[in-house]
Amino acid sequence: MSRHEQSDPGLTPSGRNRVGHAALTVVLTIALVCGAVVAVVLWRAAADTDRAVAAHRHQVKATTTGPAKEPPLAARHGGKPQTVAPAVWEYPDDIRRSGTVPVPPRTPQGRGVTIWVDDDGTPAQPPGSAADRALVSLAGGIAVAGAAGAAGQGALSLVRRRAEGRVLGAWEREWEQVEPLWSGRLRRGNAPGADD
């Protein structure tokens, strides 16, 4: 049996490819599991926060005391522009309140609108929705899966590069022993390892 036949089959290109594909599959599986775990954790945390916020948010009927005002032109190009109008409402315990509240566009004076207020009766954002939670959870899960996959791929590339260096070094050492015999540069009695 020759020295080449005795070498590790994992050192062959097909052996390295099989190992590389298996390792990549493991890395991708771990990345997907990490992403799924993070998505579930984010969903549960957001659901807990939304429940806590919902306990202190209340829907009340308000009546507009003036027409709706379109958002300024500068606000339309920024975040989320919202039409507002002056209004009155009662909360808590029949305490009359007034302020500017979000309304549908072109809402006339005297129209009833539903608004969200906090425990003090101050207008507030509504509690988060399931769609908001799903979007945040999905985005977080994808980001973590991508980061874990990239880190795993980087680690695999580093390991593969080092392994290829070792393989090439082993092949070079074997070639140094075989090449003189193969090329005929040595005479029969001067083969490496031959006794004089």
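The values are calculated or read from the model by the stated rules, or taken from the named source; none is laboratory data. Just so you know, these numbers come straight off a predicted model, no measurement behind them. Every residue, glycine as well, gets a Cβ built from its backbone with ideal geometry; the counts of neighbours run over all protein chains shown. These accessible areas exclude ligands, DNA and RNA; they are computed on the full protein's heavy atoms, side chains included. Shrake-Rupley method; radii C 1.70, N 1.55, O 1.52, S 1.80 Å.
Between 153, 109, which is in a loop (DSSP other than H, G, I, E, B) and of a type outside the set (Lys, Arg)? Steps first, answer last, please.
Values: 153 fails: in a loop (DSSP other than H, G, I, E, B).
Only one candidate passes the filter, namely 109.
In the range 121-143 there is at least one residue that is more than 19 Å from residue 69 (Cβ to Cβ), out of contact with any helix residue (DSSP H, G or I) (no Cβ under 9 Å at 6 or more places or on another chain) and polar (S, T, N, Q).
Within the range 24-52, how many residues turn out to be surrounded by 13 or more Cβ atoms within 10 Å (Cβ to Cβ) and acidic (Asp, Glu)? Of the residues in that region, 1 qualify.
Can we say residue 116 is among the aromatic types (Phe, Trp, Tyr), modelled with pLDDT of 90 or more and open to solvent by less than 40 Å² (accessible area, probe 1.4 Å)? Working first, answer last.
On the way: among the aromatic types (Phe, Trp, Tyr): yes; modelled with pLDDT of 90 or more: yes; open to solvent by less than 40 Å² (accessible area, probe 1.4 Å): no.
No.
For the residues 170, 131, 124, 139, the requirement of being modelled with pLDDT of 95 or more and open to solvent by less than 80 Å² (accessible area, probe 1.4 Å) singles out 139.
Of the set (1) open to solvent by 100 Å² or more (accessible area, probe 1.4 Å); (2) within 27 Å of residue 22 (Cβ to Cβ), all apply to residue 148 but (1).
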